[in-house]
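Chemist: So that we are looking at the same thing, I have put the structure below in structure tokens.
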Amino acid sequence: MSKELNRKCILSIKPYVPGKPVEEVERELGISNVVKLASNENPLGPAPKSIQVMHDLVDKVAVYPDGNCYYLKNAISEHLDVTPANLIIGNGSDEIIKLIAEAFLEEGEEAIVADPTFSEYDFAIKIMGGRTIVVPTKNLTHDLSAMAAAVTDKTKLVFICNPNNPTGTMVSKSETDAFLASIPEDVITVFDEAYYEYVTDEEYPQTLEYVNQGKNVIVLRTFSKIYGLAGLRVGYGVAKPELIGLVGRVKEPFNVNMMAQGAAFAALDDQDHVVRSRALNEEGKEFLAKEFNRLGLSFVPTHANFVWVQIKADCQKVFAKMLRRGVIVRTGDIFGAPDVIRVTIGTPGQNQRFIEVLEAVLAEE
């Protein structure tokens, strides 16, 4: 009898299904001028300074990048007023999520996540043979009281996506303070703040304060969203040096490429681009809210750069029809919501086109 080649735990992993690329849609359907509003990318693209740095680095990519990300790490530390020892740089936040599970999660230990939320937490937990404890959201927002109640002596990690992907909701500072005060000190809380720069609500928690207080928290941020560098894959984690040192033990030697390091470094020096991107997003939020109200569609007021909207129809059918009209969105069924779509806030022209196509498609349902 032949032995099984695979680790048993990987059979429970659901492979990640990304948003369809523009090139794939145009190739398969034979159309052009496709708009992608599925993956929460910045419609303005990278900052001009980042683009210039990428051009400057083209003839240097024959050599390995700086494995310590020295210049980028120092730029982030100055930007956040933390020390370089508080930082780890990753191939996107996704890699750091996986590194956290690899560093801290023993087989059979538990990690708590919300539902719905970003699927990469469950992936990282299961690849280490951990047990994912799922706590339903309350009004599509993390129910921190219920998540705290789910903590057991087997709990090692808690993942809090704030603002939450896919719903765009956020938990407040008072809720977060109460949560951290109610769980054991040896539980590590991971705050995934990929959309941090889009938040304007004053009640949003400034989680770096928890790092400065020496709590067992890890704050994740990224250059993929408002900085427009999703294709380069660069994110970072902030925590006390003891936690960073442990995560660093499982990191690959050259995990962040040279182009990504240079472009991210330059992006921090181009805060005007961040201001423009945030202003464009606020304008788009207002427009889409008005249009959804006009169409009689329920939606979640967002703190991020996407909107969770109930379309009163089968999301897969609507997705397919919109695709044929050249607009890519994200279906809600992958999050357990078959009558919902998630749409990225784009430029005014992209938002207008999305509404026109959505209205036309829903009229056929």
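Chemist: Taking springs between alpha-carbon atoms closer than 10 angstrom, which of V17, V190, V256 fluctuates most in the Gaussian network model of the chain?
Modeler: With Cα springs under 10 Å in the chain, the top fluctuation among V17, V190, V256 is at V17.
Chemist: Turning to a different aspect of this structure: Quick one: Kirkwood hydrodynamic radius for the stretch 125-174, alpha-carbon pairs, angstrom, one decimal?
Modeler: That comes to 12.0 Å for the stretch 125-174.
Chemist: Excluding residues on the same chain fewer than 8 positions from K215, give the aspartates and glutamates whose Cα lies under 18 Å from its Cα.
Modeler: Partners found: D81, E175, D177, E185, D186, D192, E193, E242.
Chemist: In addition: Sorting check: for 82-95, 52-65, which peptide has the highest mean count of neighbouring beta carbons within 10 Å, and how do the rest follow?
Modeler: Top of the packing list down: 82-95, 52-65.
Chemist: If you don't mind, another one. Please give the calculated 222 nm ellipticity per residue for the chain, where each DSSP H segment of at least 4 residues contributes -39500 (n - 2.57) and the sum is spread over every residue; nearest 500 deg cm²/dmol?
Modeler: It lands at -12000 deg cm²/dmol.
Chemist: Also: What is the stretch 276-365's relative contact order, in percent, from Cα pairs under 8 angstrom and six or more apart in sequence?
Modeler: Taking the mean separation of contacting Cα pairs over the length of the stretch 276-365, I get 30 percent.
Chemist: From the convex hull of the Cα coordinates of the stretch 48-269, what is the mean projected area in square nanometres?
Modeler: Quarter of the Cα hull surface area: 11.6 nm².
Chemist: In whole Hz, with x marking every Gly and Pro, tabulate ³J(HN,Hα) for the stretch 246-260 from phi via Karplus 6.51 cos²θ - 1.76 cosθ + 1.60, θ = phi - 60°.
Modeler: 5, 5, x, 5, 9, 7, 5, x, 10, 7, 10, 6, 4, 4, 5
Chemist: Quick check on the exposure proxy: order I244, I160 from fewest to most C-beta atoms within 10 angstrom. Mind showing how you got there, number by number?
Modeler: Values: I244 20, I160 25.
With the sparsest Cβ surroundings first, the list reads I244, I160.
Chemist: Output the pairs from K36/K225; K20/K138; K225/K290; K285/K312; K8/K126; K138/K312 with a Cα-Cα distance over 19 Å in this structure; if there are none, say none.
Modeler: K20/K138; K225/K290; K285/K312; K138/K312
Chemist: Here is a follow-up. At a threshold of 8 angstrom on Cα-Cα distance, excluding pairs fewer than six apart, so keeping six or more, what relative contact order does the chain reach in percent?
Modeler: 23
Chemist: Highest first, please rank the peptides 315-326, 228-239, 22-33 by the mean number of other Cβ atoms sitting within 10 Å of their residues.
Modeler: So the order, starting with the most tightly packed, is 228-239, 315-326, 22-33.
Chemist: Still on this model: Could you work out which residue, out of E202, E109, E291, moves most in a Gaussian network model of the chain, that is, has the largest mean-square fluctuation with Cα springs under 10 Å?
Modeler: E202
Any read-out appearing in this document is the output of simple, stated calculations on the displayed coordinates, not a laboratory observation. Predicted model, so just to flag it, every value in this text is computed and none were measured. Because the Cβ atoms are built from the backbone with ideal geometry, glycine has one as well, and the counts that use them run over all protein chains shown.
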